[in-house]
Ligand SMILES: [Zn+2]
């Protein structure tokens, strides 16, 4: 297995999402993943079962010890302003965030800064987190549900270094959760902020590339173009063929991209008690969904929205309610389904062992 | 000329903590948040009003205020914000006396509704288990908020402001170290 892993780890970047492609149509997702310069690879994909994944997670990071599930506050590295960004930038982002909360689902432009990570690594999400985070916070970072991918680990270390904050892998312990492409399975609560990394904030960009036109459509709440697209999907495929980044209406007014989360996660956004913030670094847009705000996945009366999930139980914890990844277990083509949310899966495995 | 009192004791962490209070307030309309970090705000500004402006205003945001010369000098020095005489030109307004009429403030456009004013009002008192019934985004069922010190026609002005959504003004109410926010989406029913 280790042979396979290093072979795949060294493969050209950009070849992501392999394990999920069997779940349904991926046109939306793959195209957007590819839009990120340099792409990103998901170390987890070839890791196999969780136990292995954790063991290898340490090795993949230059032999550093894998951080414990929770780490207390650390000391800010000398030479950094708290949270990395300068105060002028934070103020500008903070003003944008407040307007975004006041106008749920509306995209607010902001002067995105250069960050020490390439676009596609979540520079928008990082700038939002950096403008919000304080010494009292406990940060969790997930990449497609996993706390232990290179991307998630890098971002968590970044904030431990520039903000000295405590980190955790446990959803329930976190006050800020920065995420790429998933919403945790555990219900979020008041007192938590979910920060999404967004590659493309404009839900209409595929249908109308002109920004001046999409701005006009949002101003008029004229979303006929999207309805026509969905209707054509139904005519062609018999259902709406979007399994990721499934467009939503926020507060009954704004059409919004939920970022490339699986459609399975969309219902979690509806009236969520936590605050949801979205940052798109390359496109320089911020938007938000306040707590307890309606988020409705677009559908038709005769074709209601249906969140898609592989019809299987997690091979590690037995969950039938979680979103599953299909992972390769050996080089003989062996495959199995495991929870995409590693904390959810580990917690369930822990409590099963305790019960035995 | 009297000496200026200091701003945030810790400018970076003071602003961060105050921002979180305002973000929480804007996300959960009508819930009271307590702000700290400034020893001696310039009269007649309360702690929360002064801290909110230091947190959000700078050279890019024109500010209007009726708080007088001492407060203006303090804001100019600590926030570096330009002060304007016309309420409609301001990004932030800080009213300690009669509030400017909401309809005269920057509302943003249909395409850019975020280019709208935020009005901070120093009121006499805020209380959260009695008074107005607030509903809308950020509120699970209803929040209650009692405000002493706003003009009697404020609910009527607010209803007109809300009807203009997505355009409109957002309001932050402050009383000493306390603040509560009314984003333009909030519906106010008088109890
Ligand atoms: Zn599982």
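The values are calculated or read from the model by the stated rules, or taken from the named source; none is laboratory data. Note that the structure is predicted; figures quoted are calculated from it, not measured. Heads up, the Cβs are rebuilt from the backbone with ideal geometry, glycines too, and the neighbour counts pull from every protein chain shown.
Taking residue B:140 and the conditions (1) farther than 25 Å from residue A:272 by Cβ; (2) surrounded by fewer than 16 Cβ atoms within 10 Å (Cβ to Cβ), which numbered condition does it fall short on, given that it satisfies the others?
(1)
Out of (1) free of Cβ contacts under 8 Å to residues at least 40 places away in the same chain; (2) under 14 Å from residue B:174 (Cβ atoms); (3) in contact with a strand residue (DSSP E or B) (Cβ under 6 Å, 6 or more places away or on another chain), what's the single condition that is false for residue B:47?
(1)
Run down B:105, B:56 and say which single residue is under 26 Å from residue B:153 (Cβ atoms) and within 14 Å of the chain's Cα centre (by Cα).
B:105
Output the residues belonging to region A:327-342 that are surrounded by 20 or more Cβ atoms within 10 Å (Cβ to Cβ) and either more than 10 Å from the ligand (Cβ to nearest atom) or over 21 Å from residue A:263 (Cα atoms) (or both).
Selection gives A:327, A:328.
Filter region A:299-322 for residues that are surrounded by 14 or more Cβ atoms within 10 Å (Cβ to Cβ) and either near the ligand (Cβ under 10 Å from one of its atoms) or within 14 Å of another protein chain (Cβ to nearest Cβ) (or both); which is nearest to residue A:239 (Cα to Cα)?
The qualifying residue nearest to residue A:239 (Cα to Cα) is A:322.
List pairs: first residue in region A:329-349 and in contact (Cβ under 8 Å) with a residue 60 or more places away in the chain, second residue near the ligand (Cβ under 9 Å from one of its atoms) and part of a strand (DSSP E or B) anywhere in the structure, Cβ distance under 9 angstrom, at least six positions apart or on different chains.
These pairs meet every condition: A:338/A:324; A:339/A:324; A:340/A:324; A:345/A:338; A:345/A:339; A:346/A:339.
Let's see how each residue does on (1) at pLDDT 95 or above; (2) under 16 Å from residue A:207 (Cβ atoms); (3) surrounded by 21 or more Cβ atoms within 10 Å (Cβ to Cβ):
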position: A:232; (1), (2), (3): no, yes, no
position: A:238; (1), (2), (3): no, no, no
position: A:241; (1), (2), (3): no, yes, no
position: A:249; (1), (2), (3): yes, yes, no
position: A:253; (1), (2), (3): yes, no, no
position: A:256; (1), (2), (3): yes, yes, yes
position: A:263; (1), (2), (3): yes, no, yes
position: A:271; (1), (2), (3): yes, no, no
position: A:275; (1), (2), (3): yes, no, yes
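Have a look at A:77, A:114 and point out the one that is surrounded by fewer than 17 Cβ atoms within 10 Å (Cβ to Cβ) and closer than 20 Å to residue B:12 by Cβ.
Only one candidate qualifies: A:77.
Looking at (1) under 15 Å from the mean Cα position of the chain (by Cα); (2) modelled with pLDDT under 95; (3) within 16 Å of the ligand (Cβ to nearest atom), which one does residue A:351 not meet, given that it meets all the others?
(1)
Does residue A:255 meet the test of being part of a strand (DSSP E or B), touching a residue at least 40 places away in the same chain (Cβ under 8 Å) and away from chain B (no Cβ under 11 Å)?
Here the answer is yes, as residue A:255 does meet what is asked.
Tally time: how many residues in region B:175-191 are within 14 Å of another protein chain (Cβ to nearest Cβ) and surrounded by fewer than 19 Cβ atoms within 10 Å (Cβ to Cβ)?
Within region B:175-191, residues that are within 14 Å of another protein chain (Cβ to nearest Cβ) and surrounded by fewer than 19 Cβ atoms within 10 Å (Cβ to Cβ) number 1.
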